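FYI, it's all coordinate maths here, none of it is from the lab. Bear in mind that the values here come from a model prediction, so they are computed numbers and not experimental data. FYI the Cβ positions are ideal-geometry reconstructions off the backbone, even for glycines, and counts take in every protein chain you see.
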Amino acid sequence: MGTQAVNCNNCGAPLEVGEATKYATCGFCGSQLEILRSGSAVYSQVLEKISRRTAEIADDVEVIRLQNDLERLDREWLLEREQHMMQGKHGRTYRPSRAVGVVGAIVMAGFGIFWTSMAISMEAPFFFPLFGLVFIGMAVAIGISTVSKAGSYARGEEAYHSRRRSILRELQARQRGS
């Protein structure tokens, strides 16, 4: 088996390598080299540069993955957010609020109590006071539903923001390290 002459890609020193050799270490500068062949040409490439570039590419891929995670998280929150939203009588959606749920329930229940007391004091037929009681029941149910939906929205939003902050911190750390 013969040897081939090749120069170190780092310092230019002449090297003798076997025909089947794929890796060598320069005896002058100590660089680890990959021996490459293309047709009749034989040349070396410093492995450290390849390793460093491979690490840079891996970091770039990780940054892209984090950016994609961030975009996916934003899209998922928009879809989840729609499930938590409440709809007004004209089709407009709005964010549920505990305060609105409580105040709305109090106002509706107050009207139901007023209606029931007026119907009883006027000695109206039984279904008039019953209507007031049904109104009070609806007020309580709507209030509980709205408060529950507002709590669900708040928990979902907090989870979204927490995960988003985590991804952003990791992304910024990666970008600072680049």
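Using a 10 angstrom cutoff on alpha carbons, build the Gaussian network for the chain and name the most mobile of Ala13, Ala139, Ala58.
The residue with the greatest mean-square fluctuation here is Ala13.
Per-residue counts of other Cβ atoms within 10 Å, averaged by peptide: what ranking do you get for 72-83, 112-123, highest first?
112-123, 72-83
Suppose R0 equals 45 Å; then what is the FRET efficiency for Cys29 and Glu170 from their Cβ-Cβ distance, rounded to the nearest 0.05?
Once the sixth-power term is evaluated, E becomes 0.75.
Taking neighbour counts of Cβ atoms within 10 Å as a proxy for exposure, in what order, fewest first, do Tyr153, Tyr43, Tyr94 appear?
The order, fewest Cβ neighbours first, is Tyr94, Tyr43, Tyr153.
Just want to confirm a number: the relative contact order over the range 85-177, from Cα pairs under 8 angstrom separated by 6+ residues, in percent. Walk me through the numbers before you get to the answer.
Details: 80 pairs, mean separation 29.3, N = 93.
Computed value for the range 85-177: 31 percent relative contact order.
Order of Val6, Val61 from fewest to most other C-beta atoms within 10 Å?
Taking fewest neighbouring Cβ atoms as first place, the list is Val61, Val6.
How far is the Cα center of the range 36-112 from the Cα center of the range 140-167, in Å?
If you average the Cα positions of each part, the centres end up 18 Å apart.
How much length is gained on full extension from Tyr94 to Ile142, taking 0.36 nm per residue of separation minus their Cα-Cα distance?
Contour length minus Cα-Cα distance gives 15.7 nm.
Fewest to most neighbouring Cβ within 10 Å: what's the order for Ser148, Ser31?
Ser148, Ser31
Find the relative contact order for the range 10-122 and round it to a whole percent, using C-alpha pairs within less than 8 Å whose residues are 6+ positions apart.
Here the relative contact order equals 10 percent.
Cα to Cα, under 29 Å, and not fewer than 8 places away if on the same chain: which lysines meet these conditions relative to Lys22?
Result set, ordered by chain and number: Lys49.
Tell me which DSSP H helices of the chain clear both cut-offs, 15 Å or more of axial length from alpha-carbon atoms and a mean Kyte-Doolittle hydropathy of at least -0.5.
The qualifying helices are 98-121, 127-177.
Take the Cα atoms of the range 3-51, build their convex hull, and give its volume per residue in Å³.
Spread over its residues, the Cα hull of the range 3-51 gives 65 Å³ apiece.
Ratio to report: Rg/Rh of the range 30-130, with Cα atoms as the point set and Rh obtained by the Kirkwood method; give two decimals.
In the range 30-130, Rg relative to Rh is 1.66.
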